[in-house]
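Notes for the one structure printed next.
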Amino acid sequence: IKDAARVLGRYADVLGVRTFPRPGAWDTVRQDHVIRRFAEYCEKPVINLESTRRHPCQGLADAMTLREQFRGDPRGKRFVLLWAWHPKALPTAVPASAAISAAMLGMEVVIARPDDYELDPEDTALVRQLARDNGARPLRPIDGFPVIVAHPSAKDDPLSAGAAAARIRLFAVPD
C-alpha cells in the first residue's frame, strides 16, 4: 500500500479509494487498515469512497436528500433505518453512514434489524452522541424486528434522484 499510495498520489490532486472488508476477525477488519494506510502514505488528500465502516460520500448524499425532502430542516423528525437478513454478510458502511448523517441533522434515529446484525458498538455510540449533541432523542434500537423487504424491480435505476428520494421517504417516518 505504501508504494501504491505514493505513486498514485503523483498522478492526481486528490485520490479516491474504495475498499471492501477482507475475511477475518472483526477486531482487525473494523480498523479499515487499507484506507488508513492510503491516507497515511499518499501526499495528496484521500477521499474514502467506501470502506468497511464508512461510506461518507453516500452519507453526504443522504443528508442532502433528507434536507431536500424536509425542505431544509429535518431536525426532530424520525429516521428509521431498517434492513433484513442477507445470505452473505455485508459491510455496515452504508447503514452506519446513513445513521450518522441523520443524527448530525438532529433526527431521532431508530434502527430496526435482525438479530446479530447490529452496527459496530463504536458506531452506535457515535450515533447516540451525535443525536444528543444535535438536539435529538438518542438512538433507539429495535432488536430482532421481523422485517420483510420488497426489492425494487430491475428497471429501477438505483442511481437516479427519484430512486434516492423514494428510499429516503421509506426510511424517514414523519411524526
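The values are calculated or read from the model by the stated rules, or taken from the named source; none is laboratory data. All of these numbers come straight from a predicted model, not from anything done at the bench. Positions of Cβ are generated from backbone atoms using ideal geometry, with glycine treated the same way; all protein chains shown enter the neighbour counts. Heads up: the accessible areas ignore ligands, DNA and RNA and are worked out on the full protein's heavy atoms, side chains in. Shrake-Rupley method; radii C 1.70, N 1.55, O 1.52, S 1.80 Å.
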### Query
So what are the ³J(HN,Hα) numbers for region 34-51, from phi and the Karplus equation (6.51, -1.76, 1.60; θ = phi - 60°), rounded to whole Hz, Gly and Pro as x?
5, 5, 5, 5, 4, 5, 5, 9, 7, 7, 10, x, 10, 9, 7, 7, 3, 9
### Query
Please identify the GluC sites (Glu not before Pro) of region 1-110 that satisfy two criteria: DSSP loop assignment and at most 14 other Cβ atoms within 10 Å. Which are they?
Glu43
### Message
Kirkwood Rh and Cα-based Rg: tell me the resulting Rg over Rh for region 1-132, rounded to two decimals.
### Response
1.02
### Message
What does the extension gain come out to for Met64 and Glu118, with contour length at 0.36 nm per residue minus their alpha carbon separation?
### Response
16.9 nm
### Task
Work the Kirkwood hydrodynamic radius out for region 5-71: mean of 1/r over every pair of different alpha-carbon atoms, inverted, in Å.
13.3 Å
## Note on the structure
Rounded to the nearest 10 Å², the 1.4 Å probe accessible area of Lys2 is 90 Å²
### Message
Tell me which chymotrypsin sites (Phe, Trp or Tyr not before Pro) from region 1-90 have a DSSP coil assignment and no more than 14 other beta carbons within 10 Å of their own.
### Response
Tyr11, Trp85
### Query
What is the extension gain from Arg6 to Arg132, computed as 0.36 nm multiplied by their sequence separation minus the C-alpha to C-alpha distance, in nm to one decimal?
41.4 nm
### Amide hydrogen neighbours beyond the local backbone of Ile111, cut-off 5 Å, H modeled
Leu81, Arg140, Ile142
### Summary
Spelling it out for Ile47: with amide H atoms placed in the peptide plane at 1.01 Å from N, the residues 5 or more places away or on another chain with amide H under 5 Å from its amide H are Leu15, Gly16, Val17
